[in-house]
1. Mind listing the long-range amide H neighbours of SER140? Cut-off is under 5 Å, sequence gap 5 or more, other chains count too, H placed in the peptide plane at 1.01 Å from N.
2. Out of the DSSP beta bridges found with both residues in the chain, what percent are antiparallel (nearest 5)?
3. Which one of GLY45, SER140, ASN109 is farthest out on the positive end of the charge dipole of the chain, using unit charges on Cβ (Lys, Arg +1; Asp, Glu -1) and the Cα centre as origin?
4. Rg and Dmax of the chain, using alpha carbons, in Å: what are they?
5. Out of region 68-123, which chymotrypsin sites (Phe, Trp or Tyr not before Pro) are coil in DSSP terms and have no more than 11 other C-beta atoms within 10 Å?
6. In what sequence, highest mean first, do 31-43, 116-128, 143-155 appear when ranked by Cβ atoms within 10 angstrom?
7. Using amide H atoms built 1.01 Å from N in the peptide plane, name the residues 5+ places from ALA39, or on other chains, whose amide H lies under 5 Å from its own.
8. Taking the solvent-accessible surface of protein heavy atoms with a 1.4 Å probe, what is the per residue accessible area of the chain in Å²?
Amino acid sequence: MSSVTASNPATSCRIGLGYDIHKTGPGDHVWLGGVKIDAAFSLVGHSDADVLLHAVTDAILGALGDADIGHYFPPSDEQNRHRKSSDFVRFAAERMQSAGYKIGNVDCNVICELPRIAPVREVVRESLADLLGASKSQVSVKGRTNEKQDAVGEGRAVVCQAIVLLVPAT
Ligand SMILES: [Zn+2]
């Protein structure tokens, strides 16, 4: 498997795409980008089910040519139960740095009917930027609905998409 490593110094930009989906279940909050948001449900997952951080983590790992989040943090590992997803994104950011890259920019879609993203957009951007060691201006979080269609539109799941551009750190 060829991945970006320190012995193969960063000379060009790399792009990565991440996607994640979590089912909704009983509860009163969701985690999005490391921010706890009040909701009429929670997201089901082995960790804290932060669907946005999982998509961003996979986008970074994808840009590096690494394996996906499940390879490094398998759900079968009890250590990952209820784990904070900030651990995952920090892990990916450390691999990015050791490969000689930094964040160029990140763009994300959060697709759900609820919670509404607009009221929390700025705080989620700030949190995500902090976790990535980037500035808020490098991080975009957009919310949209699924027009009440399919599982997402019926409130049975929340989806996130993330795309990240990595640029050489020096
Ligand atoms: Zn996930």
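The values are calculated or read from the model by the stated rules, or taken from the named source; none is laboratory data. Keep in mind that this is a model prediction, so the values were computed, not measured. Cβ sites come from the backbone with ideal geometry, for glycine too, and all protein chains shown count toward neighbours. Just the protein is used for accessible areas: all its heavy atoms, side chains included, with ligands, DNA and RNA removed. Shrake-Rupley method; radii C 1.70, N 1.55, O 1.52, S 1.80 Å.
1. So SER140 has HN proximity to VAL106, ASP107, CYS108.
2. If we restrict to bridges inside the chain, about 80 percent are antiparallel.
3. The Cα lying farthest towards the positive end belongs to SER140.
4. 15.6, 49
5. Answer by residue number: there is no such site.
6. The densest-packed peptide leads the list: 31-43, 116-128, 143-155.
7. HIS29, VAL30
8. Solvent-accessible surface per residue comes out at 50 Å².
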